[in-house]
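Notes for the one structure printed next.
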Amino acid sequence: MSAAGQAGPTATAPPAPGPPPADGPSPRRPLALRLLARPEVGVFLGAAAVFVFFLIAAPSLRSGGSMATVLYQSSTIGLMALPVALLMIGGEFDLSAGVAVVSSALTASMLSYQLTVNVWAGVVVALVLSLAIGAFNGWMMVRTGLPSFLVTLGTFLILQGVNLAVTKLVTDNVATDDISDMDGFGQARRVFASSFDVGGVEVKITVVWWLVFAALATWVLLRTRYGNWVFAVGGDQESARAVGVPVTFTKITLFMAVGFGAWFVGMHELFSFNTVQSGEGVGQELIYIAASVIGGCLLTGGQGSAIGPVFGAFMFGMVNQGIVYAGWNPDWFKAFLGVMLLGATLVNLWVRRTATRR
């Protein structure tokens with residue numbers, strides 16, 4: 001047999017190599033996907049849907065005065081939701097935020113009334129106390145390594161008991177005395193609880209403060225080194241520390257920002273109603289956290305914005321007042337909030353998956 005007959009099948013020649021991949025940046029993702037990657041997009045769409053729904057369901061809500069009421073209701077939630085959102089982006093949350101608002105108002109009211117001093121003295125002392133509570137929460141969490149849930153739950157219970165016990169001890173009542181006739185009250189009221197006229201519609205000053213603080217928080221997050229630190233410690237605390245991010249400073253100051261928000265809202269409540277009920281504030285912390293979650297902040301930290309909680313708070317205000325203007329049973333309010341929270345969480349999950357899909 002010839003050698004040619006003994007030979008096996010001829011090996012197939014390898015295919016010619018294709019052209020080398022082109023250098024340069026990869027193609028940009030579509031604009032729609034880039035927009036979906038923004039954490040506030042989902043809540044903006046949700047807020048628009050809720051807005052349109054209640055405009056149809058409650059025609060009386062279409063007036064300027066009704067919308068001013070919705071904005072006011074939203075602002076009282078949004079002023080606290082902003083610092084709570086920043087804290088959540090940093091990977092923590094504060095269960096004492098609701099009662100801290102009342103603690104601040106009680107401090108300013110009782111100190112001013114019992115010592116018969118200018119109400120601004122009480123306002124300043126209340127600010128110091130609120131910042132101290134925030135610093136304590138942050139320091140305790142960093143020092144002990146305990147979850148912020150446990151630390152702030154303890155602070156919540158402490159403040160709730162102290163608010164009621166001290167108020168009863170000092171005033172022999174569960175509410176503080178009326179301070180409307182004290183020195184400095186008018187000035188403080190103009191700062192924290194005044195109104196102004198826009199086209200014949202009375203708008204509360206808290207709406208302006210809410211938008212100003214939202215713009216400031218957005219600038220801090222997106223344009224400052226501190227904003228980078230917030231995202232870094234929320235994303236991966238140890239990695240952030242390894243590259244030089246001052247984790248302890250960032251965490252403590254975020255808790256102090258919540259304390260500042262509690263002080264501001266507390267001063268608004270005090271100078272709006274002239275007196276404070278010591279048992280209020282319980283449960284509000286969940287509203288602030290829910291508004292932040294609806295606004296695109298993750299409980300695990302590292303993602304979120306300051307604009308998202310603005311829309312989240314607006315949704316709360318819209319539902320709260322929309323139910324009233326529609327003539328529905330207000331007992332359904334919390335049920336609506338629960339549906340909104342679950343719906344927003346699912347939308348945020350879908351938005352993240354869609355934005356990262358290739």
In Å², what does the accessible area per residue of the chain work out to with a 1.4 Å probe? 50
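Which number do you get for Rg(Cα) / (2.2 N^0.38 Å) in the chain? Before the final figure, lay out each step's value.
Numbers: Rg = 26.6 Å, N = 358, 2.2 N^0.38 = 20.6 Å.
For the chain, the normalised Cα radius of gyration comes out at 1.30.
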In nm, spacing of pseudo-spin labels at residue 300 and residue 115 (7 Å Cα→C-beta vector): 4.8
Relative to the present Cα-Cα distance, how much length would full extension add between residue 60 and residue 190 at 0.36 nm per residue of separation? 43.9 nm
Quick one: Karplus J couplings for the range 226-236, per residue in order, coefficients 6.51, -1.76, 1.60, θ = phi - 60°, nearest Hz, x for Gly and Pro? 4, x, 4, 4, 4, 5, 5, 5, x, x, 7
Return the sequence-ordered ³J(HN,Hα) values of the range 65-75 in whole Hz as given by the Karplus equation 6.51 cos²θ - 1.76 cosθ + 1.60 applied to θ = phi - 60°, using x for Gly and Pro. x, 5, 5, 5, 5, 4, 5, 5, 4, 5, 5
Which of the three applies to the range 94-214, rounded, prolate or oblate, going by the alpha-carbon gyration tensor with a ≥ b ≥ c and a/c under 1.5 meaning rounded? oblate
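Could you give the length gained by full extension between residue 335 and residue 350, i.e. 0.36 nm per residue of separation minus their alpha carbon distance, to one decimal place? Please report the intermediate quantities before stating the final value.
Numbers: separation 15, 0.36 × 15 = 5.40 nm, distance 2.27 nm.
Full extension from residue 335 to residue 350 adds 3.1 nm.
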In nm, give the distance between the simple-model label positions of residue 282 and residue 146, each being 7 Å from the Cα along the Cα-to-Cβ direction. 2.1
Across the alpha-carbon set of the range 132-277, Rg over Rh with Rh taken as the Kirkwood radius works out to 1.06
Solvent-accessible area, 1.4 Å probe, carbon plus sulfur percent, for the range 99-232: 66
Using the Karplus equation 6.51 cos²θ - 1.76 cosθ + 1.60 (θ = phi - 60°), what ³J(HN,Hα) coupling, rounded to whole Hz, does each residue of the range 156-169 give in order, writing x for Gly and Pro? 4, 5, 4, 5, 4, x, 5, 3, 6, 5, 5, 4, 5, 5
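Multiply the residue gap between residue 45 and residue 222 by 0.36 nm, knock off their C-alpha separation, and tell me the result in nm, one decimal place. Working shown, then result.
Working: separation 177, 0.36 × 177 = 63.72 nm, distance 2.22 nm.
Difference between extended and current length: 61.5 nm.
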Do you know the relative contact order of the chain, to the nearest whole percent, from alpha carbon pairs under 8 angstrom that are 6+ apart? 35
Given the -39500 (n - 2.57) contribution per DSSP H run of 4+ residues, what per-residue ellipticity at 222 nm results for the chain, rounded to the nearest 500 deg cm²/dmol? -23000 deg cm²/dmol
List the residues of the range 65-87 whose backbone N lies under 15 Å from a point placed 7 Å from the Cα of residue 197 along the Cα-to-Cβ direction. 65
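The values are calculated or read from the model by the stated rules, or taken from the named source; none is laboratory data. Keep in mind that what you see is a predicted model, and the values were worked out from it rather than measured. In this analysis, Cβ positions are derived from the backbone assuming ideal geometry, glycine residues included, and neighbour counts consider all displayed protein chains. Protein only, heavy atoms only, side chains kept; ligands, DNA and RNA dropped before computing areas. Shrake-Rupley method; radii C 1.70, N 1.55, O 1.52, S 1.80 Å.
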